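Asker: Quick one: the structure is below, questions incoming.
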Amino acid sequence: MSFTASGTGGDGPESASATITTGAGTVTVVLSSLIANPKAAGQEVSGIQITLGGGVPASTSLFSASGTTINIADGGGVTPGAAISHWGTTVSGGTIFLATAGTGAVGGKPTDLIIGPGPYTNANPSITGRNPQIQNTGTFVLTAAGVTASTAINSAVFEFGTGPDSTLPGVPVPEPTTLLLAGTALVGLGAAWRRRRSQRALAAV
């Protein structure tokens with residue numbers, strides 16, 4: 001299931017997307033930042049909160065984290081970054097937290113925030129001082145006992161900044177098959193309406 005979110009935080013516009021997939025004992029999260037050339041870390045994605053349907057795992061652990069990492073210098077210069085190391089996960093209050101800042105994160109100064117597309121000419125020290133960054137998209141695989149491929153994903157909340165500083169509720173993105181079914185239904189309704197109209201016209205003759 002996919003979610004998007006857009007809004008404004010203390011440092012300016014925020015926007016993110018996520019695709020969450022459940023499997024046998026796993027939850028896979030593909031998490032992206034959509035703000036190009038952000039000016040501050042408060043605009044970067046630092047976590048996501050996930051609520052599942054049909055039961056919540058007692059615990060989660062981070063099996064793997066992958067994505068392109070970069071170091072951003074003053075002025076926007078980019079060099080390759082170190083491997084992702086600061087993300088963590090936990091379950092609290094029936095919600096899965098996956099984060100590099102706040103609940104579920106590894107202790108210490110947050111790094112590995114997800115930054116949107118460059119160039120990074122606007123980056124202030126809150127960004128350049130927290131290298132490495134995950135560029136555009138990070139993919140995270142969580143182990144979660146009891147989760148199956150049919151486990152529903154009820155909601156997602158995106159986290160931004162190093163506190164995290166703000167959150168935005170995720171808006172579900174309709175699946176292509178749902179859109180196709182809806183389109184087919186509308187076509188069917190249109191055809192039925194035309195048939196009724198034709199029958200009424202013939203009856204009036």
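Since every read-out is calculated from the coordinates, none of them should be taken as a lab result. None of these values were measured; they are calculated from a predicted model. Quick reminder, even Gly has a Cβ in these numbers, built from the backbone with ideal geometry, and neighbours come from all protein chains shown.
Asker: Where both residues lie in the chain, what percent of DSSP beta bridges are antiparallel, nearest 5?
Answerer: 95
Asker: Taking the convex hull of the Cα atoms, report for the stretch 19-107 its projected area averaged over all directions, in nm².
Answerer: Mean projected area for the stretch 19-107: 6.9 nm², to one decimal.
Asker: Please compute, for the alpha-carbon atoms of the stretch 68-146, the extent along each of the three principal axes and give them in descending order in Å.
Answerer: Projected onto its principal axes, the Cα set of the stretch 68-146 covers 46, 20, 18 Å.
Asker: Tell me which residues come under 5 Å, amide H to amide H, from Glu44 once H is placed; ignore anything under 5 positions away on its chain.
Answerer: Gly161
Asker: In whole Å, what three semi-axes, largest first, describe the equivalent ellipsoid of the stretch 2-173 built from its Cα gyration tensor (square root of 5 times each eigenvalue)? Kindly include the intermediate steps, with their values, before the conclusion.
Answerer: Details: eigenvalues 145, 50, 34 Å².
Semi-axes (√(5λ), whole Å): 27, 16, 13.
Asker: To continue, here is another question. So what is the relative contact order of the chain, in percent, for Cα pairs below 8 Å that sit 6 or more residues apart?
Answerer: 30
Asker: While we're looking at this one, here's another question. So what's the back-of-envelope 222 nm ellipticity for the chain, counting only DSSP H runs of four-plus at -39500 (n - 2.57) apiece and dividing by all residues, rounded to 500?
Answerer: Counting only the DSSP helices, I get -5500 deg cm²/dmol.
Asker: Moving on to the next point. I'd like the Karplus ³J(HN,Hα) series for the stretch 104-111: coefficients 6.51, -1.76, 1.60, θ = phi - 60°, whole numbers in Hz, and an x wherever there's a Gly or Pro.
Answerer: Whole-Hz 3J(HN,Hα) from phi for the stretch 104-111: x, 6, 5, x, x, 4, x, 10.
Asker: Considering amide H positions built from the backbone, and no H for Pro or chain starts, which residues 5 or more places from Ser166, or on another chain, come under 5 Å of its amide H?
Answerer: Phe160
Asker: Helix 176-204: angle to the longest alpha-carbon principal axis of the chain, degrees 0 to 90, nearest 10?
Answerer: Between the helix axis and the principal axis of the chain, the angle is about 20 degrees.
Asker: Neighbour counts of other C-beta atoms within 10 Å: give me Glu175, Glu159 arranged from fewest to most.
Answerer: Glu175, Glu159
Asker: Output ³J(HN,Hα) for the stretch 78-85: one whole-Hz value per residue in order, computed from phi by the Karplus curve 6.51 cos²θ - 1.76 cosθ + 1.60 with θ = phi - 60°, and x for Gly and Pro.
Answerer: 10, 10, x, x, 6, 4, 5, 9
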